[in-house]
Structure formats: structure tokens, C-alpha cells
1. Residues in the range 232-245 that are surrounded by fewer than 23 Cβ atoms within 10 Å (Cβ to Cβ), of a type in the set (Val, Ile, Thr) and touching a residue at least 40 places away in the same chain (Cβ under 8 Å): how many?
2. Within the range 397-410, track down each residue that is among the hydroxyl-bearing types (Ser, Thr, Tyr) and surrounded by fewer than 17 Cβ atoms within 10 Å (Cβ to Cβ).
3. For the range 67-89, which residues satisfy the criterion of being crowded, with 24+ Cβ neighbours inside 10 Å, among the charged types (D, E, K, R) and under 23 Å from Ala218 (Cβ atoms)?
4. I'd like to check something: does the range 373-390 contain any residue that is closer than 23 Å to Gln282 by Cα and of a type in the set (Phe, Trp, Tyr)?
5. Can you pull out the residues in the range 180-195 that are more than 17 Å from Phe278 (Cα to Cα), part of a helix (DSSP H, G or I) and of a type outside the set (Val, Ile, Thr)?
6. How many residues are under 18 Å from Pro163 (Cα atoms) and either in contact with a Cys (Cβ under 9 Å, 6 or more places away or on another chain) or basic (Lys, Arg) (or both) if we restrict to the range 242-299?
7. Quick one: how many residues across the range 123-178 are crowded, with 23+ Cβ neighbours inside 10 Å and assigned to a loop (DSSP other than H, G, I, E, B)?
8. For the range 79-101, enumerate the residues that are of a type in the set (A, V, I, L, M, F, W, C) and outside any helix (DSSP H, G or I).
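The values are calculated or read from the model by the stated rules, or taken from the named source; none is laboratory data. Bear in mind that the values here come from a model prediction, so they are computed numbers and not experimental data. As a convention, Cβ positions derive from the backbone with ideal geometry for all residues, glycine included, and neighbour counts pool all protein chains shown.
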Amino acid sequence: MRDAVAAPTHSPSRVLFASLIGTTIEFFDFYIYATAAVLVFPKLFFPASDSATATLQSFATFALAFVARPIGSALFGHFGDRIGRKATLVAALLTMGISTVVIGLLPTYHQIGLIAPVLLALCRLGQGLGLGGEWGGAVLLAIENAPPGKRAWYGMFPQLGAPLGFLAATSLFLWLTEKVGDAAFFAWGWRVPFLASSALVLIGLWMRLRLTETPAFARAMAKHERVKVPMFNVFAQHTRALIAGTFAALATFVIFYLMTVFALSWATSKLNYSRETFLIMQMVGVLFFALLIPASAWLADKRGGHFTMIVATVLIFVFGIAYAPLFAHSGMLFMVVGMCIVGITYGPLGTVLAQMFPTAVRYTGASLAFNLAGIFGASLAPYLATWLAKTYGLAYVGYYLSAAAVLTMLALWAKPREAM
């Protein structure tokens, strides 16, 4: 059923900006945690007797959010499919924003002992719940307002929130490390990005409270297509779409977190890069990530999202083979090539996943697929990659990435026909 062809109730610029601003804020919150998990939390929230163990413990709290994200998908997806996209997006943004601000207020291990990492873990769970509900709603806000032939183009605007949030988070951390010095940074400077998130959340709330429901959702409600428990419906009637969607997104998550969290940790601890130098390299790479998202969305509207994802997955497989030698040879070239590929796979991903599910369960189905992929593809990626690199060598991190690409290719081959 072609349910996204009605004229939007808002101007395209308002719809697209509202979808973009929310995901930018959410990913900013998520990435400041990811950066702090490498640079700050091992020293301030865990026992300092063994730095390697502290880093692995910090990565474990990083992984908690990915466990929480499918729960957030089911929770917020339920209300998004039952009562509407708008109210659910507001609730998801508040959940993420409050959790992030509280992290900036937490006492450290040296102040309250083991309670500190416990509180940190609880806040991280809150971040995961919020982002689990945010992404799917933002994508649907865009594509359910899209005119014919432009679903991928509209759907890529929420995806742009990832590089924009990353650039904002990394820029702020980089500026702080350069301006305040190490002592002040670890004393109070690391808290600034978390507390600054409150201002961004207010902007996002203002934008979203001005919206109304998408035409597709309004039409589904008029036809009484609402289901009682969307999550049960997804598992019972759309099992193939859920499994295929989860693994179709797997390689996207693996490559992104190997290029960001793991790469930053490995480069600064094993390859003698300074923190500032490698953060700048990552920012350059993320610029290419941002540039390739609209390019891949344009290709997806011309040739199809399925075709574009297959091209991206082949590139991920090849990059996995070259991962270790490229990383060792040139950190900058490694970041640029890798993040270009991330942009190609990430641009059409939201649209591809959303099109697998009908309107009545689309929020729940697309969100669950995306966030279950986060568990399998991202939550353990920094941890597993660190273990593989220390145990067998950096080349095995690349083989891990190539194996994920094979699973994604099989999922793309097996995915059901589009429901939109």
C-alpha cells in the first residue's frame, strides 16, 4: 500500500528540520558518552589499579545502552503506533536528554566508590531507552511526509543527525581538552558537554511541539488499522522482516563503532597518536560521512535502496580486509575511506528498514530492527575488537568486520518485499 504520497501537513523544511534536530541532539548525547567512555570514565568512574581493565569496564557501560535500545523501541514504538508519532518523539527526546544531563552531575568513584559506576550505568540505560524510541520516529516523520520518488531523500535527513551530532560532540571535547588543560578537564571540563545538552533539548522540544501527525499515520487511524500490541504483531506477523532488517543493519553498526570508539581507543593507546590529533582525524572522516549520506540517498531514489545497500555492503567487506594495513599505514586515509563507506550504507538505511513494515506497526518494527542490530553490531564491537586486537592482532578486527558484511549481504538477499 502506498501510504506516504499525500501532501505533507507542514512545509518540507519544517518537517525535515524537526526530524534532523532531534536525531542530532540524540546522537550528540550518545557520542559525548562514547568519547567520555574512552577518555574520561576509565579514570574517574572505575578503580585505577589496571587501566586496561578500567577501559573494558567503561566499554561495558557503553554497551548497556544498546541493550536498552530495543526496550525503548518496544516501549516508544507501542505508543508511536498507538497514539501517534509526535507525542512519542517528545517523550523519547526528554528521556534521552534528562539521562545525559544527570551524567554531567554524577559524583566520581573517588567520591562515592562503587555507587558511581552503578549510577553511570543507570543513566546510560536511560540514554539507550530514549534513543531506542527517537530514531524510528524521526525517520517516519520524514518519510511519511515524503512526496513520491523522494522517500530516501527525506529519510536521509534524520540520518544526518549522526555525523552532525558526532561533529558537535567531538568538537566540544577537543576544544575543552585544548583550552582547560588535563587537570581542569578531568576535574570539571568533561561535565560541560553533558550539561550543555539541556539547551539543545529545549530547542528540539520547541520544534517538535509545533508539529502535527504524519499523513500516513492519520490515514491509518481513519481506516482503523491500529493494532492492540504492535510489538506482538511484529513478532507474530512480520518475523521475516524483523530478522532481515536486523541483520541488514548489522554491518552498518559494526563499521561505524570500529571507526569511532575502537579506533580512538586503539590509536591513542597503541599507535602513539595523541588524543587531539586523532580526534581531528575523526572529525575530517565524519565530514566525508556527512557528504556521502545525501549522495547515497540520491542513488537510492534513482536505483533503489536495496541496490545501494548491496553496493555499500560489498565495500564494507573489502574494507574489512584492508582494515589493519590501512590503519597502520595512514590514520587519516583510514578514517576518510572508512567514513565514506559508513555514509554510503547509512544514508538509505532508515528508508529501507521503514519500508519493510506497514504503517500500523512501522514505528515498532523499524525501531526494533535498527536497535536489535545495535545490540549485535555495536554494543560489543569496541569490546570484541579490543579483545581480538590484543589476542590475535589488528587484522582480526578487519576480519570481524568482513564477517558482519557477509551476514548483512545474506539478510539483504532474504528481505521481504516492501510494505510501502
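1. 1
2. Tyr399
3. Correct list: Asp81, Arg85.
4. Looking for residues that are closer than 23 Å to Gln282 by Cα and of a type in the set (Phe, Trp, Tyr), one finds at least one in the range 373-390, hence yes.
5. Gly181, Ala183, Ala184, Phe185, Phe186, Ala187, Trp188, Gly189, Arg191, Pro193, Phe194, Leu195
6. Adding up the residues that qualify gives 5.
7. 3
8. Ile83
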